[in-house]
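**Student:** Below is the structure I would like to discuss, written out as structure tokens.
The values are calculated or read from the model by the stated rules, or taken from the named source; none is laboratory data. Computed from a prediction, not measured in an experiment: that's the story for all the values here. No Cβ is skipped: glycine too gets one built from the backbone with ideal geometry, and neighbour counts run over all protein chains shown.
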Amino acid sequence: MSRIVTIGAAQMGAIAPDESRESCVARMVELIRQAKSRGCTFVVFPELALTTFFPRYFEEDISRMDHWYETEMPGPATRPLFEAASEAGIGFYLGYAELTPDGHRFNSAILVDETGRINGKYRKVHLPGHSEYEPHRPFQHLEKRYFEPGDLGFGVWRQHGGIIGMAICNDRRWAETYRVMGLKGAEMIVLGYNTPDLNTSGHEPNHLRMFHNHLAMQANAYMNGCWVVGVAKAGIEDGCMLIGGSCIIQPSGEITAVATSLEDELITTAGDLDLCNMPKATIFNFAKHRRIEHYGIIASQTGAELPTKLSEVAE
Ligand code: CDV
């Protein structure tokens, strides 16, 4: 049986602070229409795809930010997306801000199957940025203020004849993200991102933002023998430039499609999940080659602990 999934990476251009959910959803429905006409069965949307990237705004009283979050999924504004996708027989990944009934806030994503059923949920684990106002920055990145670290771990789900895992933005820079899902058999890891073209934490030439974006996803696709689909919200949002560069990466680590604009843009690849088989059976056959007796500190220690002696050479 063929395991080809025609993947659509649905990059979105900027979302202005006053743009409504309905308008964002109408843009996504148009991308679903294009995806259908190009034979896609699965579409990936960005992180926080229903609103502007609101963690750039400081608010003392967090409850005054409630309007940026979804309290139900689908809700009245998002239901047309679910309907359009299921009518088209298309499954999708959608990133949004989640406010739970008991008051917890997460940067979340869902995996929806081709019938419109929510098959999986992920809550962002690696939250970047800071929790208090930092006046030296040209703009804020307050994810640590507005979200709790995800409490669901890195799940994978059977869908579209394969095994799909989810991540969100900053997660893509961490090898652990992919390896945990790789150890659960992930054949496709999908993620959305909002990445300013300026590093406000330290000096870094702007061109490195795109290089690191692709470097991390390509390397980890290769090292886990899986497809990786990374989808941007791009362009100038309220004066803040977000990189584009949405891409589809095959298990060799090579990019098969890349966005060329900073606007709403659909890129596609007919992705054969069986391309995962060879790397998973040979060079990255985890069961055969991993040496877990040497990996313990990866899961028990966060920061680096330096050697105490000047040189520690094994006898
Ligand atoms: N939304 C994000 O997680 N953005 C981060 C920051 C650090 C730019 C990113 O890793 O792209």
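**Student:** Just the residues that are surrounded by 15 or more Cβ atoms within 10 Å (Cβ to Cβ) and of a type in the set (Lys, Arg), please, taken from the range 34-56.
**Tutor:** 36, 56
**Student:** Residue 207 versus (1) touching a residue at least 12 places away in the same chain (Cβ under 8 Å); (2) farther than 19 Å from residue 12 by Cβ; (3) surrounded by fewer than 23 Cβ atoms within 10 Å (Cβ to Cβ): which is the lone unmet condition?
**Tutor:** (1)
**Student:** If you scan the range 109-137, which residues turn out to be surrounded by fewer than 19 Cβ atoms within 10 Å (Cβ to Cβ), part of a loop (DSSP other than H, G, I, E, B) and either among the basic types (Lys, Arg) or in contact (Cβ under 8 Å) with a residue 60 or more places away in the chain (or both)?
**Tutor:** Once the filter is applied, which keeps residues that are surrounded by fewer than 19 Cβ atoms within 10 Å (Cβ to Cβ), part of a loop (DSSP other than H, G, I, E, B) and either among the basic types (Lys, Arg) or in contact (Cβ under 8 Å) with a residue 60 or more places away in the chain (or both), the range 109-137 yields 114, 117, 133, 137.
**Student:** When you scan the range 76-129, how many residues do you find that are more than 13 Å from the chain's Cα centre (by Cα) and hydroxyl-bearing (Ser, Thr, Tyr)?
**Tutor:** Total satisfying the criteria: 4.
**Student:** Here's another thing I want to ask about it. Could you list, in sequence order, all residues of the range 148-194 that are surrounded by fewer than 22 Cβ atoms within 10 Å (Cβ to Cβ), within 16 Å of the ligand (Cβ to nearest atom) and of a type in the set (Asp, Glu)?
**Tutor:** 148, 176
**Student:** What are the residues in the range 38-75 that are under 17 Å from the mean Cα position of the chain (by Cα) and either modelled with pLDDT under 95 or acidic (Asp, Glu) (or both), if any?
**Tutor:** If the condition is that a residue be under 17 Å from the mean Cα position of the chain (by Cα) and either modelled with pLDDT under 95 or acidic (Asp, Glu) (or both), then 47 is the only one that fits.
**Student:** Next question. Between 90, 62, which is closer than 24 Å to residue 269 by Cα and touching a strand residue (DSSP E or B) at 6+ places or on another chain (Cβ under 8 Å)? Please lay out each step first, then the result.
**Tutor:** Values: 62 fails: closer than 24 Å to residue 269 by Cα.
It is 90.
**Student:** Let me ask another. List the pairs whose first member sits in the range 77-106 and is on the phi > 0 side of the Ramachandran plot, whose second member is assigned to a helix (DSSP H, G or I), and whose Cβ atoms are under 8 Å apart, counting only residues at least 6 apart or on separate chains?
**Tutor:** What qualifies is 89/36.
**Student:** Keeping to the range 57-73, report how many residues are surrounded by fewer than 20 Cβ atoms within 10 Å (Cβ to Cβ) and assigned to a helix (DSSP H, G or I).
**Tutor:** Total satisfying the criteria: 6.
**Student:** Do you know which residues across the range 77-108 are buried (at least 16 other Cβ atoms within 10 Å of the Cβ), of a type in the set (Ser, Thr, Tyr) and within 20 Å of residue 153 (Cα to Cα)?
**Tutor:** 93, 96, 108 - these are the residues of the range 77-108 that are buried (at least 16 other Cβ atoms within 10 Å of the Cβ), of a type in the set (Ser, Thr, Tyr) and within 20 Å of residue 153 (Cα to Cα).
**Student:** Among what's in the range 1-33 and is farther than 15 Å from residue 263 by Cβ, among the charged types (D, E, K, R) and touching a residue at least 12 places away in the same chain (Cβ under 8 Å), pick the residue that is surrounded by the most Cβ atoms within 10 Å (Cβ to Cβ).
**Tutor:** Applying the filter and picking the extreme gives 21.
**Student:** Here is a further query. Taking the condition away from the ligand (no atom under 16 Å from the Cβ) and either buried (at least 23 other Cβ atoms within 10 Å of the Cβ) or within 24 Å of residue 159 (Cβ to Cβ) (or both), does residue 217 pass?
**Tutor:** When the stated conditions are applied, residue 217 does not pass them.
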